[in-house]
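The values are calculated or read from the model by the stated rules, or taken from the named source; none is laboratory data. Quick caveat: nothing in here was measured; it's all calculated off a predicted structure. Cβ atoms come from the backbone with ideal geometry, glycine included; neighbour counts cover every protein chain shown. Side chains included, ligands, DNA and RNA excluded: accessible areas come from the protein's heavy atoms. Shrake-Rupley method; radii C 1.70, N 1.55, O 1.52, S 1.80 Å.
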Amino acid sequence: MADGTKAVVDTSAADGAADEAALAAAIDELADGTARAGAATGKGARPGGDVRDSEDGEAPEDGDDGDDGDDGEDPGDEAVAPAGSEETSEITAPLSASEIAAELAAGDAARRAAAKASADPAAGRPAAKRPPRDPQPTHDPRDTATLPQTLPAPLRHSGDLIGHRYRLEECISSTETFSSWRAVDEKLRRAVGVHLMAAGHQRARKVLAAAKSAALLGDPRFVQVLDAVQEGELVYVVREWLPHASDLAKLLADGPMEPHEAYQMVRQVTDAVAAAHRRDQAHLRLTPRCVLRTDSGQYRINGIAVDAALRGLPAEGADEDAERTDTRAIGALLFAALTHRWPFPEDRYDLKGLPRNLGEVAPDQVRAGVHKGLSELAARALFDHPPHHAEPITTPEALARAIALMPRIRQPEPELPVFANPPRHNTHALPTAPNPTRVVAAPGTGPTPVTAPVRRAGRRLRRVVKVTAWTVALGAIGAASWQLVDYLRPESTAIAAPQPSSTSATPTAHAATHDPVAIPVAQAISYNPLGGGPEGTSALDKATDGDPNSEWTTSWYLDPFPKIKEGTGLLLDLGSTQTVSGVTVKLGTPATAELRVPGKGVSNPPAAKPKDYTILGKETGTTLAYQLDSPVTTRYLLIWLTGLTKNPEGMQYAGQYQGHIADVKVFG
């Protein structure tokens, strides 16, 4: 299975009953062989005919009309070669001792039937064949027609333990046949989904077979089946649980998708379904509830084969093949994504259906502004007779090729925020001052003297500017003095304390007056004093090689920090003492990290404890920028990871906590 567990199906009783049925069939075949052997000596039916197996002159059972129901050619109906030939000698050879013992164990019913057939005038007619008779009638458990078609779903409650491992938490859905639950795998401490069904239901064996085939698929684009077990009177199927994924029905709740998002959805879903069909797997019930989008934007498909088996699909007598069924379902998904309408008259999945008299129409005829290429694609996949005499698409493979031939739909550029134009300020007069009327002097005359109100306003403005400038200067001098005193204190470290963020009202005293210069990193060291040793030693250089596509990774953890430990990190050796003004870190997945430097008195930084380091800044995200208000002089810098996130689906060790440092740059 996907997590290393095996799918266990309890078939011991079924196999025993099947063996008994097979043994009975073999005994009857031996009885027929006796009758054929007697035919060579005139005691049975004619050559080429079979002995009619009716006891004491009874007519065949109901439904046995002398035709075995096989439209193909039956080898037993071929004419037997003349006596004395090689074929006849093989057919009429005497019975062996083991065959005689088996015949005696089966009873003398066959011999009485052979004698009656030889005395019957109608024995010359080819005898009708009938299924082998079981001396002790049993039901083959593989014959699901003998099982009940309706059997209530097993009654379970929150807190029940299934298979001594899966604790049920919440019932997600329930039908007359099965129930679906959110549960917890207490062995691996993770959430899972569980389907429950009665083992005696007619669909139970099909559900187990579908779960086993889905588990063997092993494609990460499908939600993985983790376990499939028959335990007593209960059958349960366990699957992955994606807590942060949203199904397509929920994504369409607020309206249709943008063309780029709809294109990504149909492309990823089609590629996955086409790959499954190449391995003889089909979904057969692909609905908006089965298509899930993860936080990373990847689409995953839930319930392949299992959902259909739980609901008894395909229905008896269905003449549509699996490829057409899944292709039509993908067309319906794309139609709904483009129009926000379900393409059939019924309302489904919180979407309104189309009017019954509308017929087969393309999405761009239902809603204005729909992408033409996607509209045509949806109509060709959904309808057998698409509009405008377009050729229908009947297989997922053909649909994938059609999508690949489409011009790529690019993601729209993000809209920039609109800012209002700032008001124009009159720097020559305050708003409270009267607005003097401008007087244009006549040619040859001197300038008009400024009136007294304007002079008073100008003096008042200059006074305000001076007071503001002095206030700013005094604040800067005070901050610098405080830093100098703190630096000269004997118990203080040689590293300046982190300054307030740039949103503080107090300006910094040591603003950078030069462009930052990149400082090369001589060596990257795995710093893991609280764990079991260095992590990712073979890829340490990938954190500083300048390539954001390569990365250094920590070990993976089942629990987050600080539950399992305080943190882990990467120690950067600059080769010599440098003046550092900033550090940028590019991460592969979001994380929380601190920038630290060795404190005063630390002689061996790689062997020091985290408490011996001084924190210069703390950031969260995938792009971390540490801009130091006061440059520091140091040789070592520590990127200390204090919070990791789970790896997304499709990544190695998906669902586990792991740190990814792709690129680190140091500036002086």
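Here are the numbers:
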{"quantity": "Residue match in segment 624-641 (condition: under 29 Å from the mean Cα position of the chain (by Cα), of a type outside the set (A, V, I, L, M) and under 30 Å from R189 (Cα atoms))", "calculated": "no"}
{"quantity": "Residue check for P606: surrounded by 17 or more Cβ atoms within 10 Å (Cβ to Cβ), in contact (Cβ under 8 Å) with a residue 12 or more places away in the chain, over 30 Å from A480 (Cβ atoms) and more than 32 Å from the chain's Cα centre (by Cα)", "calculated": "no"}
{"quantity": "Complete set of residues in segment 225-242 that are within 17 Å of R189 (Cα to Cα) and of a type outside the set (A, V, I, L, M)", "calculated": "D227, R239, E240, W241"}
{"quantity": "Residues of segment 611-635 classified as within 20 Å of L540 (Cα to Cα) and surrounded by 22 or more Cβ atoms within 10 Å (Cβ to Cβ), total", "calculated": "1"}
{"quantity": "Failed condition for E649, given (1) under 30 Å from R293 (Cα atoms); (2) free of Cβ contacts under 8 Å to residues at least 24 places away in the same chain", "calculated": "(2)"}
{"quantity": "In segment 204-249, the residues that are in contact with a helix residue (DSSP H, G or I) (Cβ under 6 Å, 6 or more places away or on another chain), buried (at least 23 other Cβ atoms within 10 Å of the Cβ), closer than 27 Å to L333 by Cβ and not small (G, A, S)", "calculated": "V207, V225, V237"}
{"quantity": "Failed item in (1) open to solvent by 30 Å² or more (accessible area, probe 1.4 Å); (2) without any contact (Cβ under 8 Å) to a residue 60 or more places away in the chain; (3) within 16 Å of A662 (Cα to Cα), with A539 passing the rest", "calculated": "(1)"}
{"quantity": "Yes/no for Q281 being of a type outside the set (A, V, I, L, M) and over 22 Å from A211 (Cβ atoms)", "calculated": "no"}
{"quantity": "Matching residues, segment 376-412, being part of a helix (DSSP H, G or I) and acidic (D, E)", "calculated": "E376, E397"}
{"quantity": "Every residue from segment 354-386 that is of a type in the set (K, R) and surrounded by fewer than 21 Cβ atoms within 10 Å (Cβ to Cβ)", "calculated": "R356, R367, K372"}
{"quantity": "Filter pass, D307 being part of a helix (DSSP H, G or I), surrounded by 15 or more Cβ atoms within 10 Å (Cβ to Cβ), touching a helix residue (DSSP H, G or I) at 6+ places or on another chain (Cβ under 6 Å) and not polar (S, T, N, Q)", "calculated": "no"}
{"quantity": "Residue within segment 147-168 that is at pLDDT 90 or above, closer than 27 Å to Q281 by Cα, of a type in the set (S, T, N, Q) and open to solvent by 20 Å² or more (accessible area, probe 1.4 Å) present", "calculated": "no"}
{"quantity": "Tabulated pairs, segment 652-668, first hydroxyl-bearing (S, T, Y) and modelled with pLDDT of 85 or more, second open to solvent by less than 40 Å² (accessible area, probe 1.4 Å) and not in a loop (DSSP other than H, G, I, E, B), C-beta under 8 angstrom, 6+ apart or interchain", "calculated": "Y657/Y557; Y657/L644"}
{"quantity": "Every residue from segment 294-317 that is within 17 Å of the chain's Cα centre (by Cα) and over 20 Å from L226 (Cα atoms)", "calculated": "D295, S296, G297, Q298"}
{"quantity": "Search result, residues across segment 565-592 that are open to solvent by 20 Å² or more (accessible area, probe 1.4 Å) and either free of Cβ contacts under 8 Å to residues at least 40 places away in the same chain or not in a loop (DSSP other than H, G, I, E, B) (or both)", "calculated": "K565, G575, S576, T577, Q578, T579, S581, T584, K586, G588, P590, T592"}
